[in-house]
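Working notes, structure below.
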Amino acid sequence: MESRPNKIPTHQDMENNVVDRSQEVTLHEILDRVLNKGVVLAGDLVISVADIDLVYVGVRVLLSSVETLERIQSDKQKENEHMHGPNAGINR
Amino acid sequence: MDSDFIYVYCILDHRPLLEDQSLASSFEVLPVKEYYAAIKHVSSNEFSEESLKKNFADPEWIETHTRNHVEVISSLMVNQAVLPFKFGTVFKSEENLEKFIEEHSSYIKDHLRALEGKEEWSVKIYCDKKVIRDKIVELSNELRELEKQVRESSPGKAFLMKRKKTALVEQKTRELMKTHGQECYEQYKNISESIRMNNLLPRELTERQDDMILNVACFIDRKNVSNFLHITNLQREEYQPLGFSIDVTGPWPPFNFVEMNDSRLQS
């Protein structure tokens, strides 16, 4: 992913070689913080609660689709091991 | 603009001095009761329920707006504590925001006081299992002995020994990851006022080739930050050759250290 500069201030005592990506925070770092954290409101005063939940759900959907993908891969691997497992190897 | 909604970045207890003037056009400061809210007026066209559904499906929109959310709050927290709002919090009107602040004044006051003088830092540790597997064989007498036995065995026996070696490499790799990850975590915990474990993100999100094994947010007293960074530097020197990558970023707005879904906030 192309890294983009950001304006997150760095601590004055920060040594340059410590925080190697302090000047280019990735999107996943940003999303990891802003989508499900911070002051969260519900009720009539705000309009976006349902929609914020949609963002959250959106990420969850992405995560669960990844999990599904991993599960499929894992199943395939198990299937493969079953077909070419230790017994199969020894019998050859 | 059809009608104005109020997008809220954060709440502060005194008027902020903005060090990064390039962000000055991104927001305005609204005095509300004894506090200040960093806000922007947004169009209902963009932030209505229907529009948001569409916008949330647009990665470019999400990236632009989430980065802006963090950048604005980060620029304001340089000189004072901020109470950051979750991305996308939109009030219907200034009156509603005022009502919220008035109703939750003590909550805001308590939290701003608790956040004063502290910083949120992120540590994500990744592991390259291929590197660890190679190193494990170098480091383990048991594995080196097994490797020797494989070389000296007949083909049939060597096959079984290889399988045993592979299983042992996996087991020792897991043990090493767990031990070092735990050691790092304990050190962060000791230096932090508070620490929060977050979900591990899959490669599809991190777009990295190695695996995330630890994702923590550390809430650190400002006077301990240099020490914290020194610790992460030492860990990096020690663990990087073993295939660990320690990714430290911050200071972040304290998103992880404001109570979520506080019942007092349900209006």
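Quick note: the coordinates plus some simple rules give every number you see, no bench work behind them. Treat the numbers as computed from the prediction; the structure is a model and nothing was measured. Note: ideal-geometry Cβ built from the backbone for every residue, glycine included; neighbour counts use all protein chains shown.
Quick rundown of the values:
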quantity: Which listed residue is closer than 30 Å to residue B:230 by Cα and either without any contact (Cβ under 8 Å) to a residue 60 or more places away in the chain or out of contact with any Lys or Arg (no Cβ under 8 Å at 6 or more places or on another chain) (or both), from B:118, B:130; calculated: B:130
quantity: Answer from B:39, B:6, B:108, B:73 - the residue that is over 19 Å from residue B:255 (Cβ atoms) and either of a type in the set (Phe, Trp, Tyr) or not in a loop (DSSP other than H, G, I, E, B) (or both); calculated: B:6
quantity: Test result for residue B:204, over 12 Å from residue B:125 (Cβ atoms) and either among the basic types (Lys, Arg) or within 8 Å of chain A (Cβ to nearest Cβ) (or both); calculated: yes
quantity: Unique residue being out of contact with any His (no Cβ under 7 Å at 6 or more places or on another chain) and closer than 25 Å to residue B:223 by Cα when the list is B:209, B:187, B:171; calculated: B:187
quantity: Hey, residue B:183 among the charged types (D, E, K, R) and within 14 Å of another protein chain (Cβ to nearest Cβ) or not; calculated: no
quantity: Qualifying residue in the stretch B:88-101 (condition: within 17 Å of residue A:40 (Cβ to Cβ), more than 9 Å from chain A (Cβ to nearest Cβ) and assigned to a helix (DSSP H, G or I)); calculated: yes
quantity: Any hit, the stretch B:57-64, residues being touching a Gly at 6+ places or on another chain (Cβ under 8 Å) and either under 25 Å from residue B:256 (Cβ atoms) or not in a strand (DSSP E or B) (or both); calculated: yes
quantity: Qualifying residue in the stretch B:92-99 (condition: in contact (Cβ under 8 Å) with a residue 60 or more places away in the chain, crowded, with 19+ Cβ neighbours inside 10 Å, among the charged types (D, E, K, R) and within 30 Å of residue A:29 (Cα to Cα)); calculated: no
quantity: Residue check, residue B:82 in contact (Cβ under 8 Å) with a residue 40 or more places away in the chain, more than 9 Å from chain A (Cβ to nearest Cβ) and buried (at least 23 other Cβ atoms within 10 Å of the Cβ); calculated: yes
